[in-house]
Structure formats: structure tokens, C-alpha cells
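Right, one structure below, let's go through it.
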Amino acid sequence: MRIIRTIAEVREAVRDARRQDRRVGLVPTMGAFHEGHLALMRAARRDNGLVVVSLFVNPTQFGPNEDLSRYPRDEARDAVLAEREGVDILFAPEPSEMYPDGFATTIHVSGLTDVLDGAQRGARHFDGVATIVAKLFGIVAPDVAYFGQKDAQQVLVVRRLVRDLDLDVRIEAVPTVREADGLAMSSRNVYLDGAARQRATALNRALETAAARAAAGERDAVVIEAAAREVLAASGIRPEYLELRDAHDLQAMDRLDRDGLLAVAARVGDARLIDNRLLKANH
Ligand code: PAF
């Protein structure tokens, strides 16, 4: 595996691979790898001749009061894990390589970003994500790019970006990987101390409980959401949001009469966690 820091060198490596007719897969990440990231890398390895993993803690997607400075960073460990998964290139640029002096462009995906994490964290978050993802697609020009379904809203934003800008890349959403007790894997789980770690399992249990109600025929969004809230409340968790929304456009939903996304965000101890469940209308 090569660790590459410059855009020019990644472009050259991708050009070489293309000359050999190798399909190119990209896994965009901010590092601090866990099994969720490794699942993305495995999917990319399975489908492609060249696998590029980007590792860049993107400053523009963090709000002023968010965790940019303490976001977990361990490139040496990440490199070992990526190499073990058969990754070909770890692209780990410095911020000045991605945002040189004079950088002045922001991509804003409207609509989808007004709700859930967009409403909670502010427009800046998804502007930062859309801009860096568009840059990575411009640099690597992948055939396929892999994203975790845990960030369901991010997946929808990226799909919209790809359609609207006619980018020639297929987006693969890979199912959320969970700890044995159901907690969705996240780089931010390292912020959870013992008690908070235990309480954090309530997010998945809340989603499971709501999903079970939906599977049993409940269609009223308020009732489905209330079932989840009750589980959170029992663990002393007040969500930032817990909402059932249309799984494709994130519009509000009164009834589960089409596929829905039940999405939750909550502060638990020192961590801000998100999770979600797709709820099918036709169970
Ligand atoms: O999901 C993430 O880790 C980031 O939002 C991404 C897609 C790598 C962009 O910085």
C-alpha cells in the first residue's frame, strides 16, 4: 500500500490503473478506522482493481463548537488496518493541499440539508461534506464510491450531488456495522466512558422497538416515534432529533405509507451520536 499526500501523485496512480483497465473504487474517510470503515474497504476491494482510501479530517464540515481539534487521529494505526484490507492507496493530504490559499468554492445541496443533521449542525456541515466529496471525486475520478448507511442523510446528499452535477460515479451505501450490543460503530464512540457507553445502546434499542411496531402494522408516525422516545427516556436520553422521514427525499411523514427513515441524534456523555433505521411501508 502506498501512502500518498499530493493530488498530483494520486492522479498519476489512478491514470496508471486505468491504462491497465482496472476499475477504481474510492472510500472517503476521516480516519480513526473501525469495523464500519473496514466493511467499506472490503466492499471496495471486492469490486475494484484499484482501491483508494482517503483519510482527511475535513475542517470545513465541523462547526465552531464541534470536535475538530479532538477528533481521534492515528494515521499509523489506520495505515496498518487499511493495508490489511488490501487497500492500494491511502490518500492522506494536508489541509493546505485540499484547501490552498485562495480557495473560494462551496457546494450547497439544498432541501435535503435543511433537516435532521443539517438543521441541528447548521448548513456549514453538509456544505463541507459536499465540497470535499466533490473534490475527492474530481481528484480520484472513481467508478464507485462507498459510504456508510449510518450517515444516511450524507448518502442522500452525495447521491443528489452526483445526479445534479452529472458526476460519473456510482454510490454504494454499505450497511451499518454494530457492536455486539447493537451500538452503531462510530469514530466518536471513543468519547464514551463506561456509563455513557452503556446508555448509548439505547439508540439502537429505540430504533429496534420502533421498527418492531412498524413491522407489526403501526403506520402513525407519531406513535412510531413515541415508541422510540420511550426507550431513550428510560435511559435518560433526550434526543436532538428523532424523526420519521421519507427515505428518499427526507420530507416529513405523518404515516408510514412509503419507505421511511427513522433517524436519531443524541448527546450521550461526551459524544454526539447518530443512528437510523429504514422502515419499509409494505411489511
Ligand atoms: O463520513 C465521513 O467520514 C465524512 O463525512 C466524509 C464523507 C469522509 C467527508 O469528509
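Brief remarks follow.
- Alpha-carbon centroids, region 104-139 and region 210-283: separation in whole Å: 23 Å
- Label zone at residue 215, where the point sits 7 Å out along the Cα-to-Cβ direction: region 182-209 residues whose backbone N lies under 12 Å: 208-209
- Share, in percent, of DSSP beta bridges within the chain that are antiparallel, nearest 5: 50 percent
- Packing, taken as the mean count of other beta carbons within 10 Å per residue, orders the peptides 140-146, 265-271 from highest to lowest as 140-146, 265-271.
- Counted as membrane-span-like here are DSSP H helices of the chain whose alpha-carbon atoms extend 24 Å or more along the helix's own axis and whose Kyte-Doolittle mean is 0.0 or above; these are 123-140.
- Sites listed here are GluC sites (Glu not before Pro) in region 32-140 whose DSSP assignment is loop and whose Cβ has at most 16 other Cβ atoms within 10 Å: 66.
- Charge dipole of the chain about the Cα centre (unit charges at C-beta), most positive-ward option of 115, 149, 251: 149
- Spin-label pair residue 234/residue 168, simplified geometry with 7 Å Cα→Cβ offset, distance in nm: 5.3 nm
- When +1 charges are put on Lys and Arg Cβ atoms and -1 charges on Asp and Glu Cβ atoms, the dipole computed for region 1-98 relative to its Cα centre reaches about 380 debye.
- Relative protection proxy for 195-202, 150-157, from highest mean packing down: 150-157, 195-202 (other beta-carbon atoms within 10 angstrom).
- Pairwise label distance in nanometres, residue 66 with residue 15, each label 7 Å out on the Cα-Cβ vector: 3.4 nm
- On region 180-247, 50 percent of the accessible area sits on carbon and sulfur atoms, based on a 1.4 Å probe.
- Over the chain: Rg over Rh, Cα atoms, Kirkwood Rh: 0.97
The values are calculated or read from the model by the stated rules, or taken from the named source; none is laboratory data. This structure is a prediction, so every number in the text was calculated from the model and none was measured. Methodologically, a virtual Cβ is constructed for each residue, glycine included, from the backbone with ideal geometry; neighbour enumeration extends over all protein chains shown. Just so you know, the surface numbers come from the protein's heavy atoms only, side chains and all, with ligands and any DNA or RNA stripped out. Shrake-Rupley method; radii C 1.70, N 1.55, O 1.52, S 1.80 Å.
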